[in-house]
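Taking it in order: structure first as structure tokens, then the write-up.
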Amino acid sequence: MDEAVVPMHRADSTQEEGLALDAEDSEDEMSEGDSDLSDECCESGSESLSGWGSLPDVCLQHVFRFLLDHDRRSAALVCHHWHNVMRSPSLWRYHFFHFSGQLSKFRQSEYSCAMGYAQNLGVYLERLEVRVCPPRRPLAAQRLEQTISGLLAELIRVRAPLRSLSLVKLELDRTAWTSGLRKSLIKCLIHLLHRGASKLTSVCLNGMRNCLHQGLELLSALSHSQMRVYSHCYISSLSLEGFFSGAVPVHLNSSLPCILHHMQGLTNLSLSYSYLSDELLMALQDRQQRWRQSHSADGRPLQTFSLYCTLNEPHSQLVCGDSWAALSSSCLDLKVKLKVDQVINTDRLARLLLPEIPLKEYSMTAFYSPEEEWSATPLLHNMLPQYRHSLQNLTLDLSNCSESLDEELLELVSVCECLKQLRVWAFLETWTVGRLLHIRLTQRVLLNKIRVRIYSVSENGEQEDQLEDILSSYLHLPPELDFSAIVYTFV
């Protein structure tokens, strides 16, 4: 797909030019200063007066944070000063690994890199993020298990002060993962929760795709680790999107609601919609009521509840609106975020979008062909206006090439009185952008972020010119408004 970008019209363009000129002047001044300083260094024969050599440690640390690991290793060899600064704990509190289980003759093995990092710098590590390229062959899965298990075991040994753990995209339901490899990996994670989770406050296990038994075993270990160290720390953020295999009917099992009920520190919870049930909503409500009655300093109210619904996972279960209403009444500040991917059945969407949900954010991706008998009009005209008093963020990515949704979109924006962010990618008329801006300037002062991508099947540039003409009428937008609009060729 080719993209044609229409430049933004800003009132502060002269200011930007001034900043550019100032930058050029400052570069000239710096070059002159560097020349003078170089002459002075040559005369004194001392390297300590050079620009980099005189930087304070805190400035060097800030610069070093932007370097990759191999660049940091090179920088540490420059001088004793840089070597000492590079050992600062603040530089090694976060690390990201991407494991594929593949070998390469051009770089060190993933296992060696992970073990070397944990042995030398694991004592500083507070935030660990691991993203996995799901294996297609058993040998790659074996290497992945060895690398991840070895990394976690070494972090336990050095007593890494982990506060955040993210392990995503394992996809354990792939055939490449043998039963033994799955059990070994789960066992290592449970061991970490028992031995190295005393400071954990955030856990993300998205895309793990466990079977029901192993998944519940892991979550039970997480819950028990919280009860053991509850007086010191607690999990405040838990993300479990795609944690169970898509074929598992999790909403029929009562264990998950019981586990979440005992996690009193949760303030942010993210689940797949297929796990949702009346029992789970009631467990969250009861958890909130217990916190209110006890006024416990350790407990926390649930603040954000995110749900992800995809076509490939079960989402046809019945959830009672009264259960949502009860949870909403007990959690007055609860923000519900719903992300829907490729669910284009109107009846199922109506079952998802119950009016009792305190919906703050709605995001939807729906690519459908003209041959499919589905229209987005009921969604924009009937379902989403139910949340006119609560909806703050709206994201729509629609392939509506066979139907016009301009009027429905504009009407929706007009009635949603709390709307703060709008992102729309769809087949729209260019004049819709102008009317959106008019609504923002005359009605919706809270709407301070607007992103519009107009899909087009034409490459003649006519729509780009039309959009340019429309935006020329809005040269002086409010400074707090973050706005952009582009025409995008849809292939």
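Within region 57-81, being open to solvent by 40 Å² or more (accessible area, probe 1.4 Å) and among the aromatic types (Phe, Trp, Tyr) holds for one residue alone: Phe66. Filter region 131-147 down to residues that are under 12 Å from Phe97 (Cβ atoms) and in contact (Cβ under 8 Å) with a residue 40 or more places away in the chain and give me whichever is surrounded by the most Cβ atoms within 10 Å (Cβ to Cβ). If we take residues in region 131-147 being under 12 Å from Phe97 (Cβ atoms) and in contact (Cβ under 8 Å) with a residue 40 or more places away in the chain, then Leu144 is surrounded by the most Cβ atoms within 10 Å (Cβ to Cβ). Each residue in region 240-258 was checked for being open to solvent by 20 Å² or more (accessible area, probe 1.4 Å), outside any loop (DSSP other than H, G, I, E, B) and not aliphatic (A, V, I, L, M), and 3 of them qualify. Does any residue of region 90-109 turn out to be assigned to a helix (DSSP H, G or I) and among the aromatic types (Phe, Trp, Tyr)? Looking through region 90-109, none of the residues is assigned to a helix (DSSP H, G or I) and among the aromatic types (Phe, Trp, Tyr). Annotation note: of Gly150, Gly196, Gly180, the sole residue that is small (Gly, Ala, Ser), surrounded by fewer than 18 Cβ atoms within 10 Å (Cβ to Cβ) and farther than 23 Å from Gln108 by Cα is Gly180. If you go through region 396-414 and keep only what is open to solvent by 40 Å² or more (accessible area, probe 1.4 Å) and either among the small types (Gly, Ala, Ser) or modelled with pLDDT of 95 or more (or both), you end up with Ser402, Ser404, Glu407, Glu408, Glu411. Scan region 143-150 and tell me whether some residue there is among the polar types (S, T, N, Q) and out of contact with any strand residue (DSSP E or B) (no Cβ under 6 Å at 6 or more places or on another chain). Checked against the condition, which is being among the polar types (S, T, N, Q) and out of contact with any strand residue (DSSP E or B) (no Cβ under 6 Å at 6 or more places or on another chain), region 143-150 yields at least one hit. Looking at the structure I just gave you, is Thr310 in contact with a strand residue (DSSP E or B) (Cβ under 8 Å, 6 or more places away or on another chain), modelled with pLDDT of 95 or more and either farther than 19 Å from Tyr387 by Cβ or polar (S, T, N, Q) (or both)? No, not satisfied.
Here is a yes/no grid of residues against (1) under 23 Å from His95 (Cβ atoms); (2) part of a helix (DSSP H, G or I); (3) of a type in the set (Gly, Ala, Ser):
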{"site": "Ile148", "(1), (2), (3)": "yes, yes, no"}
{"site": "Arg182", "(1), (2), (3)": "no, yes, no"}
{"site": "Lys199", "(1), (2), (3)": "yes, no, no"}
{"site": "Asn206", "(1), (2), (3)": "yes, no, no"}
{"site": "Leu219", "(1), (2), (3)": "no, yes, no"}
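Listed by first and then second residue, the pairs linking a residue in region 419-446 that is more than 25 Å from Ser402 (Cα to Cα) to a residue that is in a strand (DSSP E or B) and open to solvent by 90 Å² or more (accessible area, probe 1.4 Å), with Cβ atoms under 7 Å apart and 6 or more places separating them unless they lie on different chains, form an empty list. The set of residues in region 56-81 that are aliphatic (A, V, I, L, M) and at pLDDT 80 or above comprises Val58, Leu60, Val63, Leu67, Ala75, Ala76, Leu77, Val78.
Pick out, from region 397-491, the strands (runs of 3 or more DSSP E) lying fully within it that include 2 or more residues that are among the polar types (S, T, N, Q) and within 25 Å of Ala366 (Cα to Cα). Where strands (runs of 3 or more DSSP E) fall fully within region 397-491 and carry at least 2 residues being among the polar types (S, T, N, Q) and within 25 Å of Ala366 (Cα to Cα), they are 482-489. Of the residues that sit in region 449-483 and are in contact (Cβ under 8 Å) with a residue 40 or more places away in the chain, loosely packed, with under 15 Cβ neighbours inside 10 Å and not acidic (Asp, Glu), which one is nearest to Ala426 (Cα to Cα)? Within region 449-483, the match that is nearest to Ala426 (Cα to Cα) is Val457.
The condition of being over 25 Å from the mean Cα position of the chain (by Cα), modelled with pLDDT of 90 or more and not aliphatic (A, V, I, L, M) holds for only one of Arg287, Arg292, Arg351, that being Arg351. Scanning region 327-364 for residues that are open to solvent by 40 Å² or more (accessible area, probe 1.4 Å) and part of a helix (DSSP H, G or I) yields Ser329, Thr346, Asp347, Arg348, Ala350, Arg351. Every residue in region 437-491 that is of a type in the set (S, T, N, Q), farther than 29 Å from Tyr368 by Cβ and within 26 Å of the chain's Cα centre (by Cα), please. Across region 437-491, the qualifying residue is only Asn448.
The values are calculated or read from the model by the stated rules, or taken from the named source; none is laboratory data. From a predicted model like this one, the values you see are computed outputs, not experimental measurements. Cβ atoms come from the backbone with ideal geometry, glycine included; neighbour counts cover every protein chain shown. Heavy atoms of the whole protein, side chains included, go into the accessibility calculation; ligands, DNA and RNA do not. Shrake-Rupley method; radii C 1.70, N 1.55, O 1.52, S 1.80 Å.
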